[in-house]
Amino acid sequence: MLFPDYWNSPPNIQYVSMSTDAIHFGTSGWRGIIAEDFTFERVRIAAAAIAGHCRAHNKKPTLLLGYDTRFFSEEFARAAAAVLRDEGCHVLLCANATPTPAIAFEILRRKLQGAINITASHNPAAYNGLKFSGPDGGPALPEVTRDIEGRARKLGQHASPAAEQQNAPEFDLVDLREHYFRRVAELIRFEVIAASKLSFVYDALHGCGSGWLDRLLEQNGIKVHSIRTGRDVLFDGAGPDPSEDNLKPLAKSLCETKAATGLATDGDADRFGILDRDGAFVSPNHILALVFDYLIETRHWKLGAARSVATSHLVDAVARHHGVPVFETPVGFKYIGPFLEADKITLGGEESAGMTIRGHVPEKDGIVACLLVAEMIAARRKPVSEQLRDLFRRVGRAYWPVRVNLHFSEEVISGLPQRFASAFKEFGGRKIARTDHTDGLKFVFDDDSWVLMRPSGTEPLVRVYAEADSPAKSNHLAEEARKWITG
């Protein structure tokens, strides 16, 4: 615990003359650069706004406070907890860095009114963030975050009276491992993995999946070699994103250990990364489709899938193969949760390495995703690459998605919504079969290839997604989109 004086001052003092423009909830919470946008003062204001929102629905709400392994995350969490307590909320504080999916499960298990999690997920080390989840365990929907933002603006505009100093507060500390582990054991067939005698390599990326995913495997008699399990607030200078570039140490370890596959989770363990046994990175899009197919095959759940507009149509091809529906959503896992709660889906997923399954939380769970991949490999006795080729054959064609992040000026980005509203008949010399405005601008062509352009909800850039039946064709579509944006 560092510098407790940061939360010794009562939160009301911090509301004076504080700009709250930076408190904006994007696709997955509020994020900002530490000490520039994301400050103790703004965290206190955001916490007070959340307390006000929750107390409007429950006079004495109980809220869970969690945090990841980032710089000052525990200190930010304690500052927020002090505010919640002073605003009339009962506070449960995680005793250690805790994965987002475990927090989501605890909300449901205890029937809490919500949770605040101090995390910037996979963002670079300079960032921290705040996620708010409601009583359903899922990320807060836009109508909720708009109310919180409005309350934060009012708190920042009006000075509050000073109050006396007080000692660093104590809270009810909770460890979420036991109950989360028990739930995961109900979802994963650990006996199948153990019987295969396969071994795995796990890369925690210095995030809070350490001591969770690796321990689950070890407790079930499965051999796992873990790397980057210790805390490093700089995340090796690369950030805790389970991307292909960031997983090079995992590829090296996989080669040395000759394990069956490489598993990785991001900073708050809600996203996954998978390397095949030869160290090749596997697209999260392909993993979503493979696991969807595997779950229908092994669990016999004849239910559909919910996917974001930016996610591979290979998921749709699997759904057609099994005769089940697909529900398309805007980008943001908060839109997938309602389909899970209504028991309409076997799997919910996003191309940005987010996955959940039937009977689990309406939130991304990188731990469960990795364990399902391990189970799938153990059950089928085939590496991921071979399983993917089999899936392509069964659905009748290949799907190769790409994503490109493009940095543009604010002027270019702000002008895109107006350009997106134009009428289009063709794009890049190809006739458009369908235009989709679910989130950004998406063109679908006759051969089921497609391209999507949308401003990021968490970073100052434009994301371009494309998919065709070969990597070359997908990259060509992405390049056509880049030219259109800059033209």
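Tell me, 370, 255, 89 in order of fewest to most beta-carbon neighbours within 10 Å? Show your work: numbers first, answer last.
Details: 370 29, 255 15, 89 23.
Ranked by crowding around the Cβ, least crowded first: 255, 89, 370.
Compute the helix-to-body angle for 384-395: its Cα long axis versus the longest principal axis of the chain, expressed 0 to 90° and rounded to tens.
The angle comes out at about 60 degrees.
Which of the trypsin sites (Lys or Arg not before Pro) found in the stretch 42-150 are in a DSSP loop and have at most 15 neighbouring Cβ atoms, other than their own, within 10 Å?
On the way: sites: 42, 44, 55, 59, 70, 78, 85, 109, 110, 111, 131, 146; in loops: 59, 70, 111.
Counting only loop positions with at most 15 other Cβ atoms within 10 Å, the trypsin sites (Lys or Arg not before Pro) in the stretch 42-150 are 59, 111.
Run down the lysines and flag those whose C-alpha is under 16 Å from the C-alpha of residue 197, throwing out any fewer than 8 positions away in its chain.
Filter leaves 223, 258, 382.
Provide the packing ranking of 122-128, 324-330, i.e. peptides ordered by the mean count of other C-beta atoms within 10 Å per residue, highest first. Don't skip to the end; give the middle numbers.
Working: 122-128: 21.7, 324-330: 17.9.
Top of the packing list down: 122-128, 324-330.
Measure nothing but the geometry: give the 0 to 90° angle between the long axis through the Cα atoms of 248-257 and the longest principal axis through the Cα atoms of the chain, rounded to 10°.
60
Please get the size of the charge dipole for the chain, origin at its Cα centre, with Cβ charges of +1 on Lys and Arg and -1 on Asp and Glu, quoted in debye to the nearest 20.
Details: 58 positive and 62 negative charges, 229 e Å.
That gives the chain a dipole magnitude of about 1100 debye.
In what sequence do 74, 218 fall when counting other Cβ within 10 Å, fewest first? Show your work: numbers first, answer last.
Details: 74 21, 218 12.
With the fewest neighbours first, 74, 218 line up as 218, 74.
Compare the Cα positions of 221, 265, 235 along the charge dipole of the stretch 208-282 (+1 at Cβ of Lys, Arg; -1 at Cβ of Asp, Glu; about the Cα centre) and return the one farthest towards the positive end.
About the Cα centre, the residue reaching furthest to the positive side is 221.
Kindly work out what percent of the DSSP beta bridges joining two residues of the chain are antiparallel, to the nearest 5.
On the way: 44 of 74 bridges.
The antiparallel proportion sits near 60 percent.
Please compute the net charge surrounding residue 448, taking Lys and Arg as +1 and Asp and Glu as -1 over other residues with Cβ under 9 Å from its Cβ. Each step should come with its number before you reach the end.
Working: positive: 397; negative: 316, 446, 447, 467, 469.
Residues near residue 448 contribute -4 overall.
What shape does the stretch 165-247 take by its C-alpha gyration tensor, where a ≥ b ≥ c are the square roots of the eigenvalues and a/c under 1.5 counts as rounded, a/b above b/c as prolate, and the rest as oblate?
Values: a/c = 3.09, a/b = 1.31, b/c = 2.37.
Since a/c reaches 1.5 but b/c is at least a/b, the shape of the stretch 165-247 is classed as oblate.
Which is farthest toward the positive dipole end of the chain among 58, 69, 309, measuring Cα position about the Cα centre, with Cβ charges +1 (Lys, Arg) and -1 (Asp, Glu)?
In the chain, that residue is 309.
When only C-alpha pairs under 8 Å and at least 6 residues apart count, what is the relative contact order of the chain, in percent? Intermediate values should be presented prior to the final figure.
Details: 1027 pairs, mean separation 63.3, N = 487.
That works out to 13 percent.
Provide, for q = 0.20 Å⁻¹, the log10 of I(q)/I(0) from a solvent-free Debye sum over equal Cα point scatterers in the stretch 400-486.
-0.90
Cross-link partners among aspartates and glutamates for residue 442, C-alpha distance below 19 Å, same-chain residues fewer than 8 apart left out?
The reachable aspartates and glutamates, counting only those whose Cα sits under 19 Å from residue 442, are 316, 328, 350, 351, 426, 467, 469, 479, 480.
Please compare each pair in 252/334; 59/111; 302/473 to a cut-off of 27 Å on the Cα-Cα distance and tell me which ones are over it. Working shown, then result.
Numbers: 252/334 35 Å; 59/111 15 Å; 302/473 33 Å.
In this structure, 252/334; 302/473 exceed 27 Å between Cα atoms.
Report the equivalent ellipsoid semi-axes for the stretch 178-395 in whole Å, largest first, defined as the square roots of five times the eigenvalues of the gyration tensor built from alpha carbon atoms.
Numbers: eigenvalues 129, 70, 58 Å².
The answer is 25, 19, 17 Å, longest axis first.
Does the stretch 280-363 come out rounded, prolate or oblate, given a ≥ b ≥ c as the square roots of the eigenvalues of its C-alpha gyration tensor, rounded meaning a/c under 1.5 and, failing that, prolate meaning a/b above b/c? Don't jump to the answer; show the numbers that get you there.
Numbers: a/c = 1.38, a/b = 1.02, b/c = 1.35.
Taking the square roots of the gyration eigenvalues as a ≥ b ≥ c, the stretch 280-363 is rounded.
Relative to the longest principal axis of the chain, what angle (0 to 90°, nearest 10) does the C-alpha long axis of helix 410-420 take?
Between the helix axis and the principal axis of the chain, the angle is about 50 degrees.
Taking only the alpha-carbon atoms of the stretch 35-138, what semi-axes of the equivalent ellipsoid follow from 5 times the gyration tensor eigenvalues under a square root, in whole Å, largest first? Let's see the in-between values first.
Values: eigenvalues 85, 51, 23 Å².
In descending order, the three semi-axes are 21, 16, 11 Å.
Per 5 Å bin, what is the whole-percent P(r) computed from every C-alpha pair distance within the stretch 328-473?
Answer for the stretch 328-473: a P(r) of 2, 8, 13, 16, 18, 19, 12, 7, 3, 1, 0 percent.
Taking the C-alpha atoms of the stretch 329-388, how large are the radius of gyration and the largest Cα-Cα span, Dmax, in Å?
Using the Cα atoms of the stretch 329-388, the pair Rg, Dmax is 12.7, 35 Å.
With +1 on each Lys and Arg Cβ and -1 on each Asp and Glu Cβ, how big is the dipole of the stretch 172-252 about its Cα centre, in debye rounded to the nearest 20? Show your work: numbers first, answer last.
Working: 11 positive and 13 negative charges, 70 e Å.
Roughly 340 debye for the stretch 172-252.
Readers should treat all values here as calculations from the given coordinates under stated rules, not as data from a laboratory. From a predicted model like this one, the values you see are computed outputs, not experimental measurements. Don't worry about glycine lacking a Cβ; one is built from the backbone with ideal geometry, like all the others, and counts go over all protein chains shown.
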